[in-house]
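The values are calculated or read from the model by the stated rules, or taken from the named source; none is laboratory data. Note that the structure is a prediction, hence the values are computed from the model and not measured. Every residue, glycine among them, receives a Cβ derived from its backbone with ideal geometry; neighbour counts consider all protein chains shown. Accessible surface areas use protein heavy atoms only, side chains included; no ligands, DNA or RNA. Shrake-Rupley method; radii C 1.70, N 1.55, O 1.52, S 1.80 Å.
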Amino acid sequence: MLPLRVEIEGFLTYRTRTVFDFHEYWLWAITGKNGAGKSALFDAITYALYGQHRGGSQHDERLINESTDRMLVLFDFMVNDEAFRVERIIERRAKGKGYAKSYGAYAIDPLEQDPKDPILLPNTSKETELNAWVREKIGPYKAFITSVLLLQGKADAFLVAPAAERQHILMDPVSYTHLRAHETGRN
């Protein structure tokens, strides 16, 4: 997977629309002071792809910046010479009546830096469908964060895991969860 672009609005520390464009760069580093939003950028990527962030997958409405009513994360990337956009949006409903969420995976033109006409892929507009599509295209969340994207404070998680656990991290997450439950006696 090759990141192309991340667009964030109303997400954690990113109140206004912010775009990170990686089209022209094959190697990049993210630096900044504590609290500048470096980890939030990685949270945006994992949230867009997997609906997961450092806090897990529950209460994703807490990702909405406190001064906004809407959170948007778009992540454009390439896999096997095909370009895609994954989108997750959460909006606060009026008068505290919960949240509206929308999801989708789109085919995009890899050469456009801000694709205007993405094509919604079938069976990706529901959370479960999008999660299944991402898992098929990229692989399971655990493998992604331990071998592709290293979470702050957990960069060595994959390296210090026992060999059997590393193998299962790179396999199906259902097998991994089953292995961990079996090893700890929680079936």
Go through the residues of the stretch 79-86 one by one and say whether even a single one is of a type in the set (Val, Ile, Thr), open to solvent by less than 30 Å² (accessible area, probe 1.4 Å) and more than 20 Å from residue 3 (Cβ to Cβ). no
The residue that is nearest to residue 10 (Cα to Cα), considering only those in the stretch 92-114 that are touching a Leu at 6+ places or on another chain (Cβ under 9 Å) and without any contact (Cβ under 8 Å) to a residue 60 or more places away in the chain, is 103
The one condition residue 12 fails out of (1) touching a helix residue (DSSP H, G or I) at 6+ places or on another chain (Cβ under 7 Å); (2) closer than 24 Å to residue 139 by Cα is (2)
Restricted to the stretch 3-28 and to residues being of a type in the set (Lys, Arg) and free of Cβ contacts under 8 Å to residues at least 60 places away in the same chain, the residue surrounded by the fewest Cβ atoms within 10 Å (Cβ to Cβ) is 17
For the stretch 42-88 the number of residues that are in a strand (DSSP E or B) and closer than 19 Å to residue 98 by Cβ is 5
Condition set open to solvent by 30 Å² or more (accessible area, probe 1.4 Å) and in a strand (DSSP E or B), scope the stretch 89-102, selection nearest to residue 134 (Cα to Cα): answer is 102
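Only one of 110, 122 is at pLDDT 95 or above and more than 15 Å from residue 48 (Cβ to Cβ). Can you tell me which? Quick ask: steps written out before the conclusion?
Values: 110 fails: at pLDDT 95 or above.
Only one candidate qualifies: 122.
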The residue that is farthest from residue 88 (Cα to Cα), considering only those in the stretch 107-145 that are surrounded by 18 or more Cβ atoms within 10 Å (Cβ to Cβ) and of a type in the set (Val, Ile, Thr), is 145
Conditions (1) at pLDDT 80 or above; (2) touching a Phe, Trp or Tyr at 6+ places or on another chain (Cβ under 7 Å); (3) over 30 Å from residue 67 (Cβ atoms) -> residue 136 fails only (2)
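If you go through the stretch 64-73 one residue at a time, do you hit one that is at pLDDT 85 or above and surrounded by fewer than 12 Cβ atoms within 10 Å (Cβ to Cβ)? Outline the logic, then answer.
Of the stretch 64-73, the ones at pLDDT 85 or above are 64-73.
Within this subset, residues satisfying the condition of being surrounded by fewer than 12 Cβ atoms within 10 Å (Cβ to Cβ) are 66-67.
Within the stretch 64-73, one or more residues are at pLDDT 85 or above and surrounded by fewer than 12 Cβ atoms within 10 Å (Cβ to Cβ).
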Regarding the stretch 44-55, can at least one residue be identified that is under 15 Å from residue 14 (Cα atoms) and in contact (Cβ under 8 Å) with a residue 60 or more places away in the chain? yes
